[in-house]
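A.B. asks: Encoded as structure tokens, here's the structure I'll be asking about.
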Amino acid sequence: MKVLVFAHTPPPHHGQSYMVQLMLENVAKPAPAPGELVFYHVNARLSGGMDDVGSWRAGKLFVLFGHILQAWRLRWKYAPAAFYYVPAPAKRSALYRDWLVLLLAAPLFRVRIFHWHAIGLGQWVAEGAKQGLLRRCEAWITRRLFSGKELSLVLNEQGCRDIEIFSPRRIELVSNGIPDPCPDFDSALLPERLARWKTRTGPGKTPLFELLYLAHATRTKGLFDAVDAVALANARFAAEKSPVRMRLTVAGAFVDRDEETAFQARIRQADLALAAEPGAACAVVYAGYVGPREKDRLLRNCDALCFASYFPNEGQPVSIIEALAYGMPVLLSRWRGLPEMVPSALAHLADFRDPASLARAMGIILAETRFQEYRNCYLERYSLAAHCRHIRQAFLSVDSA
């Protein structure tokens, strides 16, 4: 089966572009046998960096038409039967881009495959049908262009429910998957985690529990809620005369200058000091964007991931999968498909946009020791081998049908 992949790879680097890269590198066979997969790639990149993603520039329109012309050329030269596309979230500039692609490129192909990394477009269409004339028109056009396509790949059950409005002919649930970033977990990291937990809970110790925030540093990803929750949790520990303290390391670049200014002002406030005396260290450490080596160090040395996102189009963040691969307990918000990412027995959940709820969950996660079970969750659900196998099966099943 020949597939034209109309999607971009890093840069800019985010979960969607990274998963497209992994698919291109690992799903199709280097020398495919008859009936196997062959990919032809149009790297449909329009943005130079994260601060440019989703924004409108006239130059992007010319670049987009260039990508569409490349798709035409590959269609006539190699005759791929299927068109693979990652739909945009419910943002107007990105949605209008999708309209052009689905009108000018997708009709050339017999099979259309949508890979829904973002959640929320179906809800946006349903709500738009009850609003003003412009929104009703946008909703009608979007529903017409996305409806009835041959295959839709979704990340979780929440994604399935979101796209039901488009009546896809076939839905396949395919979780994201990444190469194992911690192959020495059993031999090295698991003993370290267990030893660190015993040391932190032993008599006469002053336990410092290390939380990690690993995502783009934005308000909707739960950054400010995590900071406020650390302050609340530490205040409660102090009131209870407990030596326990929480420290949050923030690893991620800001995409909004106003939010960065507000964050820097927030972490200078007195309620985030680790001790009452003057000059005490702050309970929040900003690491900024981290490369692979520093990220590996943080994932090994921190005790739990804090991801209290309420990002409107949250799908299946790679940072959570990475944390699970390192056997790290995860603290998640009850938002979109996040609660589905771990078995309910392992879930530490908080209400989104609720620092008090998040602080209570932080107190519970202190006692978590099921590091091997979190690691097993990665191996069973999010390994690269499982991800590639499921995508390959989904593609080939459409071809055979």
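The values are calculated or read from the model by the stated rules, or taken from the named source; none is laboratory data. The structure displayed is predicted, hence computed values, not measured ones. Methodologically, a virtual Cβ is constructed for each residue, glycine included, from the backbone with ideal geometry; neighbour enumeration extends over all protein chains shown. We work out accessible area using only protein heavy atoms, side chains counted, and drop any ligands, DNA or RNA first. Shrake-Rupley method; radii C 1.70, N 1.55, O 1.52, S 1.80 Å.
A.B. asks: Among the candidates Glu210, Glu277, which residue alone is within 25 Å of the chain's Cα centre (by Cα) and not basic (Lys, Arg)? Working first, answer last.
C.D. replies: Numbers: Glu277 fails: within 25 Å of the chain's Cα centre (by Cα).
Going through Glu210, Glu277 in turn, the sole match is Glu210.
A.B. asks: Give the residue, chosen from Ala105, Ala88, Ala129, that is without any contact (Cβ under 8 Å) to a residue 40 or more places away in the chain, small (Gly, Ala, Ser) and surrounded by 20 or more Cβ atoms within 10 Å (Cβ to Cβ). Lay out the reasoning, then the answer.
C.D. replies: Values: Ala105 fails: without any contact (Cβ under 8 Å) to a residue 40 or more places away in the chain; Ala129 fails: surrounded by 20 or more Cβ atoms within 10 Å (Cβ to Cβ).
Exactly one residue qualifies, and that residue is Ala88.
A.B. asks: I'd like the full set of residues that are touching a residue at least 24 places away in the same chain (Cβ under 8 Å), among the acidic types (Asp, Glu) and outside any helix (DSSP H, G or I), limited to segment 242-284.
C.D. replies: Scanning segment 242-284 gives a single hit, Asp256.
A.B. asks: Based on this model, can you work out whether Leu208 counts as in contact with a strand residue (DSSP E or B) (Cβ under 8 Å, 6 or more places away or on another chain), touching a residue at least 12 places away in the same chain (Cβ under 8 Å), surrounded by fewer than 19 Cβ atoms within 10 Å (Cβ to Cβ) and among the aliphatic types (A, V, I, L, M)?
C.D. replies: Against the criterion (in contact with a strand residue (DSSP E or B) (Cβ under 8 Å, 6 or more places away or on another chain), touching a residue at least 12 places away in the same chain (Cβ under 8 Å), surrounded by fewer than 19 Cβ atoms within 10 Å (Cβ to Cβ) and among the aliphatic types (A, V, I, L, M)), Leu208 qualifies.
A.B. asks: Looking only at segment 94-143, count every residue that is assigned to a helix (DSSP H, G or I) and of a type in the set (Gly, Ala, Ser) and tell me the total. Please lay out each step first, then the result.
C.D. replies: Taking segment 94-143 as the starting set, the residues that turn out to be assigned to a helix (DSSP H, G or I) are 94-104, 106-108, 121-128, 133-143.
Applying the additional criterion that residues be of a type in the set (Gly, Ala, Ser) yields 94, 106, 122, 126, 128, 139.
Of the residues in segment 94-143, 6 are assigned to a helix (DSSP H, G or I) and of a type in the set (Gly, Ala, Ser).
A.B. asks: What pairs come up if the first residue lies in segment 329-345 and is touching a residue at least 60 places away in the same chain (Cβ under 8 Å), the second is among the acidic types (Asp, Glu) and part of a loop (DSSP other than H, G, I, E, B), and their beta carbons are under 8 Å apart, counting only those six or more places apart or on different chains?
C.D. replies: Final answer for the pair search is Ser333/Asp351; Arg336/Glu314; Gly337/Glu314.
A.B. asks: Please determine, by comparing only the residues of segment 173-187 that are open to solvent by 30 Å² or more (accessible area, probe 1.4 Å) and under 19 Å from the mean Cα position of the chain (by Cα), which one is nearest to Ile113 (Cα to Cα).
C.D. replies: Result: Leu173.
A.B. asks: Restricting attention to segment 270-302, which residues are open to solvent by 60 Å² or more (accessible area, probe 1.4 Å) and closer than 21 Å to Thr220 by Cα?
C.D. replies: If the condition is that a residue be open to solvent by 60 Å² or more (accessible area, probe 1.4 Å) and closer than 21 Å to Thr220 by Cα, then Val285, Tyr286, Tyr289 are the ones that fit.
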